[in-house]
1. Please enumerate the residues belonging to segment 243-255 that are within 18 Å of Ala85 (Cα to Cα) and surrounded by 18 or more Cβ atoms within 10 Å (Cβ to Cβ).
2. Restricting to segment 1-44, name every residue that is within 14 Å of the ligand (Cβ to nearest atom), in contact with a Leu (Cβ under 8 Å, 6 or more places away or on another chain) and part of a helix (DSSP H, G or I).
3. Would you tally the residues in segment 51-62 being more than 12 Å from the ligand (Cβ to nearest atom) and within 17 Å of Glu36 (Cβ to Cβ)?
4. Filter segment 149-170 for residues that are in contact with a strand residue (DSSP E or B) (Cβ under 8 Å, 6 or more places away or on another chain) and either at positive phi or away from the ligand (no atom under 16 Å from the Cβ) (or both) and give the result.
5. Of all residues in segment 303-321, which are surrounded by 11 or more Cβ atoms within 10 Å (Cβ to Cβ) and within 16 Å of the ligand (Cβ to nearest atom)?
6. Give me a count of the residues in segment 326-350 that are aliphatic (A, V, I, L, M) and surrounded by fewer than 18 Cβ atoms within 10 Å (Cβ to Cβ).
7. Give segment 288-334 a look and list any residue that's more than 27 Å from Ser54 (Cα to Cα) and touching a residue at least 40 places away in the same chain (Cβ under 8 Å), or say none.
8. Of all residues in segment 128-148, which are farther than 19 Å from Tyr44 by Cα and within 16 Å of the ligand (Cβ to nearest atom)?
Amino acid sequence: MREGSEPEVFLYGAPSSLYTAKVRAFLRAHRIPHEERFPSHPRYRGAVREAAESHRIPVVEFPDHTVVQDSTLILDELERRYRPAADLALGPRQQLVSHLLECVGDRGLTKPAMHFRWNFMAENEAFIVGEFGRALRFPGPAEEIERLGRRVAAKMSGYLPMLGIEARTVPAIEAAYAETLARLDVLFSEHPYVLGGAPTRGDFALMGPMYGHLGRDPYPLRLMQTAAPLVFRWIERVNGGEGTGPEFPDAAAAPLPGDRVPDALQDFLRHVFATYRDELLASAERLAGWVAEHADAAAGTLLSPAGVDQPALGPIVVDYHGVKVQQQAMGHSLWVLQRALDFTASLDDEARRSCEALADEVGVGALLRLKLARRLTRIGGRLAVA
Ligand SMILES: N[C@@H](CCC(=O)N[C@@H](CS)C(=O)NCC(=O)O)C(=O)O
């Protein structure tokens, strides 16, 4: 926070939370005066959680009492209020990339993020249990922090099967993540940020998994520092609001000119979407199944059973780098994807052709030509058909 300035944003979240990392990165990179608070804060318990209509973090409250949950909607609101010059300067292809990276940050790297957190307990357990406990009760007696931390840890680690993370799939998850790190390391050896010399929305989205879990839990942090030191430095640069940093003294502090998308970033997207594309396409089929079964669902009909804000839409089988993975279809991720589809549809012919050519290049052409069986919306923090 700028010294002596009043907070302009209150961020309710936790250091170990994936989606909080995305919002925090925006606030830090843009040096916006803010105050981060735990969900144990009395204001959260007393008013903010109810206003957010969600039990999830991050939640942001502005001094005018606007409260927003969902990291994607929070970044929309922050962009509306702060109008970041770098994002406004992006060309259509670069904007498409920002949307694709928002999809990646949503669920495209969840498998390595959850695997490297929960399947390396010898290194991670004390840290992560403590982190969860402190978010709920700090300061407090050590036993109480541990008891609360273990309770949250049991819930979160329980998500592994529905994400398709099991002994049989772990080798593919680890091999794919090694490739992810390698491709990002090349990217950040050439550019300070994903699209050049200034951080943009894609950087923030990627910070969710790459920092929130993979860049600070003990085991994956060591892995990143040893296998991909330039990815680690990118994290420091974004969170520190470092600008182009000492590595790139000559880089212009702006996105690349001419709507250029670095080859190394295209390589990274091609790699992640080689499987994430199929997860999304299979999820879209599940949505189509739901729509067929609820042919007369009025606009506003919730897709989730009571109490479920981000519904799983049923089991899917996906080819994940050569291994068949059984997991749940992801309703919320289709809502994030819909934003990319809306963006492409809003373009004039020339820009759309250029974006579609890029999409084909990185293997997401079919995804961007997808028509969801119904438009999705969010009502009271829950997923619904529009
Ligand atoms: N789509 C939401 C996801 C937020 C989310 O799932 N946050 C996690 C912490 S990183 C959470 O609150 N989980 C609670 C739960 O799974 O019950 C966003 O982008 O903000």
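The values are calculated or read from the model by the stated rules, or taken from the named source; none is laboratory data. Values in this document were obtained by computation on a predicted structure and should not be read as measured data. Methodologically, a virtual Cβ is constructed for each residue, glycine included, from the backbone with ideal geometry; neighbour enumeration extends over all protein chains shown.
1. Step one: list which residues in segment 243-255 are within 18 Å of Ala85 (Cα to Cα), which gives 243-244, 251-255.
The answer is Thr244, Ala251, Pro255.
2. Residues satisfying the conditions are Thr20, Lys22, Val23, Arg24, Phe26.
3. So the count comes out to 2.
4. Pass one, segment 149-170, residues in contact with a strand residue (DSSP E or B) (Cβ under 8 Å, 6 or more places away or on another chain): 162-164, 168-169.
Scanning segment 149-170 gives Gly164, Arg168, Thr169.
5. Leu303, Ser304, Val308, Asp309, Gln310, Pro311, Ala312, Leu313
6. Initial filter on segment 326-350 (aliphatic (A, V, I, L, M)): 329-330, 334, 336-337, 340-341, 345, 347.
If we keep only those that are surrounded by fewer than 18 Cβ atoms within 10 Å (Cβ to Cβ) as well, we get 345, 347.
Selection size over segment 326-350: 2.
7. Ala292, Val318, Asp319, Tyr320, His321, Gly322, Val323, Val325, Gln326 - these are the residues of segment 288-334 that are more than 27 Å from Ser54 (Cα to Cα) and touching a residue at least 40 places away in the same chain (Cβ under 8 Å).
8. Of everything in segment 128-148, those that are farther than 19 Å from Tyr44 by Cα and within 16 Å of the ligand (Cβ to nearest atom) turn out to be Ile128, Val129.
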